[in-house]
Amino acid sequence: MAPPLLHLRDVQLTFGGKPLLDGAEIVVSAGERVSLVGRNGSGKSTLLKIVAGIVQADSADSFLQPGTTLRYLPQEPDLSGHATVLDFVTEGLAPGDDPYRATSLLEQLGLSETADPAHLSGGEARRAALARVLAPSPDILLLDEPTNHLDLPAIEWLEAELKSMRSALVLISHDRRFLENLSGTTIWLDRGRTRRLDRGFAAFEAWRDEVLEAEEQELHRLDRKIVSETEWLHKGVTARRKRNMGRLRNLHALRSERRNFERAQGNVRMAAAEAERSGKLVAEAKGVTRAWGDAPPVVRDLDLRLLRGETLAIIGPNGAGKTTLLRLLTGEIEPDSGTVRLGTALETASLDQRRESLSPDWSLMDALTGGGGDAVMVNGQSRHVVSYMKDFLFDPKQMRTPIHALSGGERGRLMLARALARPSNLLILDEPTNDLDIETLDLLQELLGDYGGTVLLVSHDRDFIDRVADAVLVAEGDGVWQRYPGGYSDMLTQRGSRPGRAVPTGQRATQRQKAAPKAPPQRRKLSFKQQHALDTLPGRIAKLEKEMQALTEELADAGLFRRDPDRFQAATDRLGAAESEKEQAEESWLELEMLREEIAAERQTG
């Protein structure tokens, strides 16, 4: 068996206090495709920087096969000090590398060779950094969140480019579809240690759950054994004879083992603060056109209705006008022509793409409380900021940490915490998946499934769109936007081509007609959100009925009003609110059940 190109083992690294890396190991063979996964803050990026030689470990055994070339893509590439984009890219070439490949990659990525790096957008800077690391065709490519700030066409181009290369890959990404399409090996970094699965990311989550379940069973066995041995000790076995001292030492060893047994990091506890229900119509656009200056319209003759409870995903290349469209649909800007009608009783909460509403000098506590006091209002109730921080996996010691010192994932969780604390019935999520780990994305997906309001989502994460969207609004080019029912995969089937590839206006109808014979994928189906609601609403109704019964019994006490008038009033108000919530839940369940039956009937007759 040929030796690996890279073998790094027994990596130890501590930044004061608890070790970040404690015996971590990574092995990469020629042409191998490795996904490096783990929770935010687990040390993935740090481990990749150690491999790249940017960070020095406290100790490690390392082997790099002589002559092996290696390139590293950081999360936040630095293009300063270069006059042009081409200068930045060609600086990464080694003697003997083909300079024309750098020019070719820039052309494929849509970048001008002479562009000033200081004036590039986040997506353009990421594409330039990708050209720099891909141009040399190195033996090993280390890519830290390569899809961040890329649009869907660029992500799919990158997938195809990486598949065609002979380089070994080590990938850190929150994009499930990207990892599934590229990886053949998975390394899981958890609590400072690594575990290796010789299969791609598609098999990781089931394997991870099995490992964690086995750990919980071992922990339970250890706890029971400690209880048993402690009972023996307290019964006072005939005293301190030598034959019993070994058992006493074993008990101390068990207790020491139990102290050192570290549980896996907990999950984020998310719940959106919901306002009163909006009107059934959330927004309606008729003949809407919007342009900026003398440029062609980014929105042209748009007709769209957005109804309460829908999750609409907006997708398209960078610069297509997704943010403009969001601002039009929420009434933030006016159209050049046409009308936008907003529904009634709308309460909006938003998460902006660049986290721009966060001042880097704020502390984490200031960002959550608005700079006043130590309490956060969530669902109309005051919660101590430390308690709310814990829901989003922040350590209480981080309360006064400035935002500029937080990792990208921590900033993402903080923005979610701020957005979800505000009562809303309309959530605006602009690239919410950036920098979030996969476990947090799972919980965000469940939250959107439970959310009773309407969601406008801008995302380039294909898997996330498939899981949460009821419909997709796609930039078709020339300012035209087309709505497709279902998620991203459903849209591809109906559209007949991938978004971002120009489709001449005269060909759009023809392409949709060609896609029409593919009837089975286009059949109606319940979205993830609808199915989740159908499954969970009966339990919620039962819980509300139980609460109403308890409140009714409490109010039946004739002396309650005299003893505690405040409690009497609170119970009366809550009973009325619970009755309203139950009625709404029953109405929603009935609508979904009727829809399910309609779809089932269509399939039987189809």
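Miscellaneous remarks
- Cα gyration tensor, segment 528-605 - rounded (a/c under 1.5), prolate or oblate: prolate
- Dipole magnitude of segment 36-181, debye to nearest 20 (Cβ charges: Lys/Arg +1, Asp/Glu -1, about Cα centre): 400
- Candidate aspartates and glutamates for bridging to K397, where Cα separation is under 18 Å - those fewer than 8 sequence places away on the same chain excluded: D361, D366, D374, E410
- Taking a ≥ b ≥ c as the square roots of the Cα gyration tensor eigenvalues, segment 34-122 comes out prolate, since a/c reaches at least 1.5 and a/b is larger than b/c.
- Between segment 55-88 and segment 433-489, the alpha-carbon centres lie 34 Å apart.
- The ranking of S121, S42 by Cβ neighbour count inside 10 Å, starting from the fewest, reads S121, S42.
- Restraint check, K44/K543; K390/K529; K280/K322; K322/K390; K18/K49, Cα-Cα greater than 30 Å: K44/K543; K322/K390
- Cα-centred dipole magnitude for segment 528-605, charges only on beta-carbon of K, R (+1) and D, E (-1), debye, nearest 20: 280
- Gyration tensor verdict on segment 6-205 (Cα atoms; rounded if a/c is under 1.5, prolate if a/b is larger than b/c, oblate otherwise): prolate
- Footprinting exposure proxy for R33, R540 (fewest neighbouring C-beta atoms within 10 Å first): R540, R33
- W207, W589, W188, W481 arranged by Cβ crowding within 10 Å, fewest neighbours leading: W207, W589, W188, W481
- For segment 360-486, diffusion coefficient by Stokes-Einstein and Kirkwood Rh (Cα), 10 °C, 1.306 mPa s, µm²/s: 99
- Amide H within-cut-off set for I314, under 5 Å, with H built and near neighbours excluded: L457, V458, S459, L473
- The eigenvalues of the Cα gyration tensor, multiplied by 5 and square-rooted, give segment 281-519 an equivalent ellipsoid with semi-axes of 35, 19, 17 Å from largest to smallest.
- Ranked by the mean number of other Cβ atoms within 10 Å of their residues, highest first, the peptides 152-158, 92-98 come out as 152-158, 92-98.
- Size of charge dipole - segment 281-519 - debye, nearest 20, with Cβ of Lys, Arg +1 and Asp, Glu -1, no other charges: 640
- When only Cα pairs below 8 angstrom with a gap of at least 6 residues are kept, segment 13-148 shows a relative contact order of 30 percent.
Bear in mind that the values in this text are calculations on the coordinates, not laboratory data. Keep in mind it's a predicted model, so treat the numbers as computed, not measured. Neighbour counts are summed over all protein chains in view; Cβ atoms, including those assigned to glycine, are modelled from backbone coordinates with ideal geometry.
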